[in-house]
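**Q** Handing you a structure now.
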Amino acid sequence: MASQDWVDKDFYATLGVSKDASEADIKKAYRKLARKYHPDQNPGDAAAEKKFKEITEANAVLSDPEDRQQYDAIRAMGSGARFQAPGGAGAGAGSGGGGFEDIFGGLFNPGGGGGRGRTSYSTNDLPPEFADLFGGGFGGGGGFGGGRSGYGAPTKGADRTATTTISFAGAIRGTTVSLREPDGDVIEVRVPAGIKDGQKVRAKGKGAPGSAGPGDLLVTVKVKDHPFFHREGMNLRIHVPVTFDEAALGATVEVPTLDGNVKVKVPAGTGSGKVLRVKGRGVKTAKETGDLLVELEIAVPSSLSDDARAAVEAYAAASAGHNPRAGLADKARL
């Protein structure tokens, strides 16, 4: 940037800070103004685009200690002074007021402003203090490119990532989660019904800004376990206790589902661990519906009345010839 440019422009006024502002004050002011005047937030607004270039140019100089010191010296000497910015006559913000490299050069280039930057960058290069502006605390990465005299080829902003945890009911029925940005803004993300643990939801346009539009926000969804329902793909498994007589003689029992109770027929002679399938009572999405798997467990009472004990003893005597473990030793041989 030539000396006359530095003399004629008040970068402190552009960022709205005092001449003795700290680096932190300059960063804070720049981030606030960059959000407000970014072209993606003001499509087609030439005045906002011009303002954005001005604050970017100001930040590129004031955020670099060496350039700031030289800028202050030249401003103090007045318009008669002549100076060439580091990097040669073409260094600095460039003839066109800066493109994407100007916009992000001060952030990606710890070495400072000017033409010392690269032509493409990743948000992974950002220092931690800028993570809330490019990444929103959600992480993520991506590329920005551009020349020194304009925006260059339009580039979509980087995708960002986040993780959230929802209830089992929220996963089954669908829900909406609120994700808070470091600057206090809240992003509402709709989670569709039937989502599985570990699946991702894409919120379009909620990623980092870019000249061709913002990227997306990819939210990984964690689902809490349920004490009764256990998910297996699109099916749900439940464990239902039955009495000995219900299993031996057969019965119709009522079992809970996601949306009310249903009656299930237990065949006579059912053993513990038998699984009965109830069609269409599992997880439901727009594309498919699972089943409810009812696993039966024979419940043995911990105590018996005298009459019940007598009945069991009578049964034992009547079925003394039956050995359920016959042949077990043969199966166990190696």
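Okay, residues lined up against (1) in the same structural domain as E188 (by TED's automatic domain parsing); (2) in a strand (DSSP E or B):
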| residue | (1), (2) |
| --- | --- |
| G210 | yes, no |
| P214 | yes, no |
| L236 | no, yes |
| D245 | no, no |
| T252 | no, yes |
| K265 | no, yes |
| T270 | no, no |
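**Q** A further question follows. Which count do you get for residues in the range 290-309 that are at pLDDT 95 or above and either more than 14 Å from P241 (Cβ to Cβ) or within 34 Å of the chain's Cα centre (by Cα) (or both)?
**A** Total satisfying the criteria: 4.
**Q** Restricted to the range 272-319, and to residues that are in contact with a helix residue (DSSP H, G or I) (Cβ under 9 Å, 6 or more places away or on another chain) and either in the same structural domain as A171 (by TED's automatic domain parsing) or part of a strand (DSSP E or B) (or both), which residue is nearest to V253 (Cα to Cα)?
**A** Step by step, filter the range 272-319, then rank; the result is L296.
**Q** So the check is Cβ under 8 Å with 6+ separation or different chains; which pairs have a first residue in the range 260-289 that's farther than 21 Å from R231 by Cα and touching a residue at least 40 places away in the same chain (Cβ under 8 Å) and a second one that's assigned to a strand (DSSP E or B) and among the aliphatic types (A, V, I, L, M)?
**A** Between residues of the range 260-289 that are farther than 21 Å from R231 by Cα and touching a residue at least 40 places away in the same chain (Cβ under 8 Å) and residues that are assigned to a strand (DSSP E or B) and among the aliphatic types (A, V, I, L, M), there is no close pair.
**Q** Can you pull out every residue in the range 41-53 that is part of a helix (DSSP H, G or I) and loosely packed, with under 15 Cβ neighbours inside 10 Å?
**A** Passing the criteria: Q41, A46, A47, K50.
**Q** Inspect all residues belonging to the range 285-292 and state whether any of them is acidic (D, E) and farther than 19 Å from N235 by Cα.
**A** Within the range 285-292 (the criterion being acidic (D, E) and farther than 19 Å from N235 by Cα), the answer is no, since none of the residues qualifies.
**Q** How many residues does the range 200-234 contain that are of a type outside the set (F, W, Y) and surrounded by 17 or more Cβ atoms within 10 Å (Cβ to Cβ)?
**A** Of the residues in that region, 17 qualify.
The values are calculated or read from the model by the stated rules, or taken from the named source; none is laboratory data. All figures in this text were calculated on a predicted structure; none of them were measured in a lab. Note that each Cβ is placed from the backbone with ideal geometry, even for glycine, and that neighbours are counted across all protein chains shown.
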